[in-house]
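These notes are about the structure you will find just below.
Here, each number is a calculation from the coordinates, and none is a lab measurement. This one's a predicted model, so the numbers in the text were calculated from it and none came from an experiment. FYI the Cβ positions are ideal-geometry reconstructions off the backbone, even for glycines, and counts take in every protein chain you see.
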Amino acid sequence: MKILSLIVSAIVTIILVLLFNTRMLLPVPLGQLLNPQEGLWQNAEPVDQNYSAQLSFPQLEGKVKVYFDERLVPHVFADNNNDAYFVQGYLHAKFRLWQMEFQTRAAAGRLSEIIGPKALDYDRDKRRLGMVYAAENSLQAIDDDPETLAECNSYTSGVNAYIENLTESTLPVEYKLLGYKPEKWSNLKSALFLKYMALELAGYENDFESTNAKSVFSSADFEKIYPIVMDSLDPIVPKGTIFSSPAIQVKVPSTAASLYYDNKDSTSITEQKPDKDNGSNNWAVSGQKTKSGYPILCNDPHLDLNLPSIWYEMQMSTPSYNAYGVTFPGAPSIIIGFNDSCAFGFTNAQRDVRDYYEIIFNDSSRSKYWFDSSWVPSTFRIEDIKIKGEPDFLDTVIYTKFGPVMYDQKYSGGRSTHHKDYAVRWKAHDRSNELKMFTLLNKANNYGDYLKAIKYLHTPGQNCIFASKSGDIAIWDQGEFPAKWYRQGDFVMPGTDSSYLWQGMIPQAENPHVVNPERGYVSSANQMPADTSYPYYLGGSFPPYRGWEINKRLEAMNNISPQDMMELQTDNFNVFGKMALPILIKNMQVDKLSPQEKKYFSILKRWNFRNDTDSKGATLFVVTWDSLETVIWKDEFLQSGVQLPWPTESTLLDDINKYPDFKFYDNINTLTVETLPDDVTAAFKMATAVIRKADENGKMAWAKYKDTHVEHLARLDAFSRLHLPVGGGLNTINAAKAQHGPSWRMVVSLTPETEAYGVYPGGESGDPGSKYYDDFIDKWAAGKYFRLWMMKSSEVNDQRVKYTMSFN
Amino acid sequence: MKFIISSILIIFFSFLGCLFFPWWIIAIVAFIISILIYQEHFVSFICGFISLFLLWGGLSFWISLENAHILAHRVSLLIFKTDSPFLLIFVTAFIGALVAGFGALTGSYVRKEKQQKSL
């Protein structure tokens, strides 16, 4: 009897241990996770944590001091450049290890390893796009440049110095929750991180959808729905600029009329796309327009709003340079910022540098493909995708002259019905060393240095803005861009003929640029870089409105202070709303509205064109316009039965202004012929049905309706910041959408003593258990800034210095 | 008196053990201590239970207090879908307590067996 009790008790104990030690219920054993001595409790950092430390690493040549200020921004003072990069790597790892590892695994198509089969399609997409192939090519360019190589080696060894000293209890909490461990860092991982950004910024295209559209619509209709140039265009390089004749004369293929422009072969692939509004604002005003007489440079890059933030703020100071700004955890250097002589920033150039070619293979072995009247051997790359809890998945990717065959019988992102082979030609596959640009910008003293630096930027193309204390302002639409014939690469191209290849790259000197213009400012907001007099086809997708509004404001401003620039950067004026609202008002059939709809219509009519947090008019306008797009396009688009690019709001506005009898006004599913007033009224009724519900729940005010949030990278709501009171949105300078927008706001006045301001929606620590995890978010949401402190080495006793970390 | 000494030993060696071994060392510690210091089965169970409840509860409470409960707010929301730092602390304490309690109970049965055999 007693022995039975013993056995039962022992079994219960063992079952309990197994229960709390299993990975079946959670990805990680609950006992281990909650053990206060090594589990997640160890990530609950004391609010008065002391970050001061004495550290010693044999990899360092000299001494490095890191002074943390009250926002935990590190000010790094190193005896030499490579030591500074070592410490930058160390700090990135200390504060942001999980995110940098996660993002580079994502870039390499290795998420299935940590989160299981649900990430398999995501991973296959990255493998087939050739992300690792692209990073390997970058790595070769890095290896060829001794300066960049030394920088990367130091950075990598700094990251690894931190990883090697990690224990179970000091692991970032995400590893504990997801149940895996960090790997050693490598230069390849830094290259992968840059390709992750290249995919975000230069990965967007609509080639398959546009090919479908070309087959569905007549060419006259197609040009109306997908025009190249908007009426509201105010390009980066002012209209009327004279361009020299192009160095590259592109030849349209002789078969283009039949095989390309008129080719009615629709496809049905839709890929995982970056946000098409990945973009940004930047501008610089010259001293003639500022109060101080010195230039001011401003930049706010619009990216996904995530925690931990894509940015980590720091100062890096060595005998050869002293730079301050935001950095990418995962890569060396300051990315956007300023030094003692100048400031620099970026917006996305939006050019289309990713095209597809239809490949014809010999047979099912696909060992050869038809190209220029002969069979060319293909090469194979086997992708071994490890999957948590399942056997590996082997994916064969075929490489051609163009690049990898991304879509074929075996893979189409899960959506294809055709069994064709498409190779992707992506500019990011080419060998280039973008890190060198940042290294040189950090050290730049003048316009000449900046110009030398940006020549290293090939992909992703950016509008690189510059201003210096010596008084220069400049912007270059920089990148290595293919010289294309009209509409080349907007659609899928034949892969059997060399005449469809990219024929050359536009020489760097011919990239659109503006230097010290008479008007006293340069700017960009992802609009077209130049008008149609530019001798090359520009391609891509270019939102016109923010740039239009910024230029109008800057034109009118004089005696500008940094405060004026902060107000402009956070301005909620919706220029598109001002252009489009009159159309809604003029065409509303008021007599068909119910009393409640009339009440909403009177709010809409009184809207002041501002997307302020409490504006109900903004909500009504945005939802009504979205509904109008649905009413006008959806009937024809559904009927087509294929995936088509959704026309932009600017296109619809232009069409309404140009074509009073636009045939798309008619709803093809009714017997009557609808007109624009019918559509506007139907759209408003559709919109108010949605808004009435929001109104009943107290969520009609714009900020509540839009519901901006900063989301944890692993989509854990508990680690995110939800429901932020933020205005702005699409087509306002303050481009804060639901989970996308100004990821860093910076204003730099280049007075003799630099006066700089900045803020990003995050915090310096990536640890959700730290008070520094999200402590900038409320300030960011309120449109306020921190004064940025370019610390001098003589200021070590300044009261802003809270902690000191010494490396030797 | 036995109870208090057992308790102190379980707390001490559990803390020490967790520095070098996986978390389930607490079951072994409670098991061994309760073989060495004999108590009635139920008392043994309570002794193991309370020891780890105090150790894990106390540690996590203290850590969380220092942290102004920042992490516990977020993790409780993540795991339990409810914002309650004290629930997380309680669950931590309870899991440790349950495992150590049964470890101790098993130990006390073993001790009893041995005593009966040696008689």
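Report, by chain and number, residues whose modeled amide H sits under 5 Å from the one on A:F346, excluding near sequence neighbours (fewer than 5 apart, same chain).
Excluding prolines and chain starts, which carry no amide H, the hits are A:I465.
Can you put A:K289, A:K658 in order of Cβ neighbours within 10 angstrom, beginning with the fewest?
The fewest-first ordering by Cβ neighbours comes to A:K658, A:K289.
Want the number for A:T532 to A:L638: 0.36 nm per residue separation, take away the alpha-carbon distance, what's left? Could the numbers behind the result be given before it?
On the way: separation 106, 0.36 × 106 = 38.16 nm, distance 3.32 nm.
Extra length from A:T532 to A:L638 when fully extended: 34.8 nm.
Counting other Cβ atoms within 10 Å, which GluC sites (Glu not before Pro) in the stretch A:734-764 have at most 13 and lie in a DSSP loop?
Values: sites: A:E753, A:E755, A:E764; in loops: A:E753, A:E764.
Here the sparse-neighbourhood loop sites are A:E753.
Testing the spin-label approximation: label points 7 Å from Cα along Cα→Cβ at A:K605 and A:E753. State their distance in nm.
5.6
Could you work out how much longer the chain between A:T675 and A:N697 gets when fully extended? Use 0.36 nm per residue separation minus the Cα distance between them, nm to one decimal.
Working: separation 22, 0.36 × 22 = 7.92 nm, distance 3.39 nm.
Full extension of this stretch gives 4.5 nm more.
For A:A689 and A:S245, FRET efficiency with R0 = 41 Å and r from the beta-carbon atoms, rounded to 0.05?
Working: r = 56 Å, r/R0 = 1.37.
So, using R0 = 41 Å, E works out to roughly 0.15.
Explain nothing, just compute: Karplus ³J(HN,Hα) = 6.51 cos²θ - 1.76 cosθ + 1.60, θ = phi - 60°, for every residue of the stretch A:652-662 in order, whole Hz, x for Gly and Pro.
4, 4, 4, 4, 4, 5, 8, 10, x, 10, 3
Relative to the compact globular guide of 2.2 N^0.38 Å, what is the alpha carbon radius of gyration of chain B, as a ratio?
Working: Rg = 16.0 Å, N = 119, 2.2 N^0.38 = 13.5 Å.
Normalised by 2.2 N^0.38 Å, the Cα Rg of chain B equals 1.19.
Taking 19 Å as the cut-off for C-alpha to C-alpha distance, list the pairs among A:K118/A:K184; A:K616/A:K685; A:K118/A:K388; A:K195/A:K484 that go past it.
Values: A:K118/A:K184 25 Å; A:K616/A:K685 16 Å; A:K118/A:K388 10 Å; A:K195/A:K484 23 Å.
From the list (A:K118/A:K184; A:K616/A:K685; A:K118/A:K388; A:K195/A:K484), the Cα-Cα distance tops 19 Å for A:K118/A:K184; A:K195/A:K484.
Let me know the mean shielding of B:14-24 by other chains, meaning the per-residue number of their Cβ atoms within 10 Å of its Cβ. Show your work: numbers first, answer last.
Numbers: counts 1, 2, 0, 1, 6, 3, 0, 0, 8, 14, 11.
Partner-chain Cβ atoms within 10 Å, mean over residues of B:14-24: 4.
Which entries in A:K63/A:K802; A:K126/A:K704; A:K251/A:K401; A:K289/A:K706; A:K578/A:K737; A:K436/A:K779 show an alpha-carbon gap greater than 26 Å?
Working: A:K63/A:K802 20 Å; A:K126/A:K704 35 Å; A:K251/A:K401 20 Å; A:K289/A:K706 36 Å; A:K578/A:K737 19 Å; A:K436/A:K779 33 Å.
Over 26 Å apart, Cα to Cα: A:K126/A:K704; A:K289/A:K706; A:K436/A:K779.
For A:T708, enumerate residues with amide H under 5 Å from its amide H, sequence gap 5+ or separate chain, H modeled in the peptide plane.
Hits under the 5 Å cutoff: A:L724, A:V726.
Out of residues 5 or more away from A:T290 or on other chains, whose amide H comes under 5 Å of its own, with H placed 1.01 Å from N in the peptide plane?
When sequence neighbours closer than 5 places are left aside, the close amide H contacts are A:N559, A:I560.
Loop-only check: which trypsin sites (Lys or Arg not before Pro) in the stretch A:704-808 are DSSP coil with at most 10 other Cβ within 10 angstrom?
Passing sites in the stretch A:704-808 are A:R715.
Below 8 Å, C-alpha to C-alpha, sequence gap of six or more: please give me the relative contact order for chain A in percent. Don't skip to the answer; put the middle values down first.
Values: 1702 pairs, mean separation 153.1, N = 808.
Result for chain A is 19 percent.
I need the shape label for the stretch A:516-594. Rule: rounded when a/c is under 1.5, else prolate if a/b > b/c, else oblate, with a, b, c from the alpha carbon gyration tensor. Each step should come with its number before you reach the end.
Details: a/c = 3.01, a/b = 1.42, b/c = 2.11.
Because a/c hits 1.5 or more and a/b fails to exceed b/c, the stretch A:516-594 counts as oblate.
Sequence neighbours fewer than 8 away in the same chain don't count; with that in mind, list the aspartates and glutamates whose C-alpha is under 14 Å from A:K605.
Answer for A:K605, where 14 Å is the Cα cut-off: A:E597, listed by chain and number.
Based on the Cβ-Cβ distance from A:E147 to A:V229, what FRET efficiency comes out when R0 is 51 Å, to the nearest 0.05? It would help to have the intermediate numbers written out before the result.
Details: r = 42 Å, r/R0 = 0.82.
E between A:E147 and A:V229, to the nearest 0.05, is 0.75.
For chain A, what is the calculated [θ] at 222 nm in deg cm²/dmol (nearest 500), taking -39500 (n - 2.57) for each run of four or more DSSP H residues and dividing by its residue count? Can you show the working numbers first?
Working: 22 runs with 264 residues, N = 808.
My calculation for chain A gives -10000 deg cm²/dmol from helical runs alone.
Taking a ≥ b ≥ c as the square roots of the eigenvalues of the Cα gyration tensor of the stretch A:720-777, is the shape rounded (a/c under 1.5), prolate (a/b larger than b/c) or oblate? List each step's numbers first, then the result.
Values: a/c = 3.38, a/b = 1.18, b/c = 2.86.
Oblate.
Give a residue-ordered list of calculated ³J(HN,Hα) values for the stretch A:633-648 (Karplus: 6.51 cos²θ - 1.76 cosθ + 1.60, θ = phi - 60°; whole Hz; x for Gly, Pro).
Running phi through 6.51 cos²θ - 1.76 cosθ + 1.60 with θ = phi - 60° gives 8, 4, 4, 5, 5, 5, 4, 5, x, 10, 7, 10, x, 6, x, 6 Hz.
Hand me the trypsin sites (Lys or Arg not before Pro) from the stretch A:420-489 located in a DSSP loop with no more than 14 other Cβ atoms within 10 Å, in residue order please. Walk me through the numbers on the way to the answer.
Values: sites: A:K420, A:R425, A:K427, A:R431, A:K436, A:K443, A:K452, A:K455, A:K469, A:K484, A:R487; in loops: A:K420, A:R431, A:K455, A:K469, A:K484, A:R487.
Counting only loop positions with at most 14 other Cβ atoms within 10 Å, the trypsin sites (Lys or Arg not before Pro) in the stretch A:420-489 are A:R431.
With θ set to phi - 60°, apply the Karplus curve 6.51 cos²θ - 1.76 cosθ + 1.60 along the stretch A:63-70 and write out the HN-Hα couplings as whole Hz, x wherever there is a Gly or Pro.
Once θ is set to phi - 60°, the couplings for the stretch A:63-70 become 9, 9, 10, 10, 9, 8, 8, 5 Hz.
Evaluate peptide B:72-83: per residue, the Cβ atoms of other protein chains within 10 Å of its Cβ; return the mean as an integer.
If you average over the peptide's residues, the count of other-chain Cβ atoms is 5.
Given Cα pairs under 8 Å that are at least 6 residues apart, what percent is the relative contact order of the stretch A:521-633?
On the way: 64 pairs, mean separation 21.4, N = 113.
Reported as a whole number, the value is 19 percent.
Just need the relative contact order of the stretch A:386-445 here, percent rounded to a whole number, with Cα pairs under 8 Å and 6+ apart.
Relative CO of the stretch A:386-445 lands at 24 percent.
Using a 7 Å offset from the Cα along the Cα-to-Cβ direction at both A:Q288 and A:Q49, what is the distance between the two label points in nm, to one decimal?
Label at A:Q288, label at A:Q49, 5.1 nm between them.
Checking the a/c ratio against 1.5 first, then a/b against b/c, what shape does the Cα gyration tensor give for the stretch A:536-662?
Working: a/c = 2.32, a/b = 1.25, b/c = 1.86.
Taking the square roots of the gyration eigenvalues as a ≥ b ≥ c, the stretch A:536-662 is oblate.
Given a Förster radius of 22 Å and the C-beta distance between A:A257 and A:M505 as r, what FRET efficiency does 1/(1 + (r/R0)^6) yield to the nearest 0.05?
Numbers: r = 26 Å, r/R0 = 1.17.
Efficiency computed from Cβ-Cβ geometry: 0.30.
Could you check the simple spin-label distance between A:K410 and A:V515, using points 7 Å along Cα→Cβ, in nm with one decimal?
It is 5.1 nm.
Specify the angular offset, from 0 to 90 degrees and rounded to the nearest 10, of the alpha carbon long axis of helix B:25-36 from the longest principal axis of the alpha carbons in chain B.
Helix B:25-36 sits roughly 30 degrees off the main axis of chain B.
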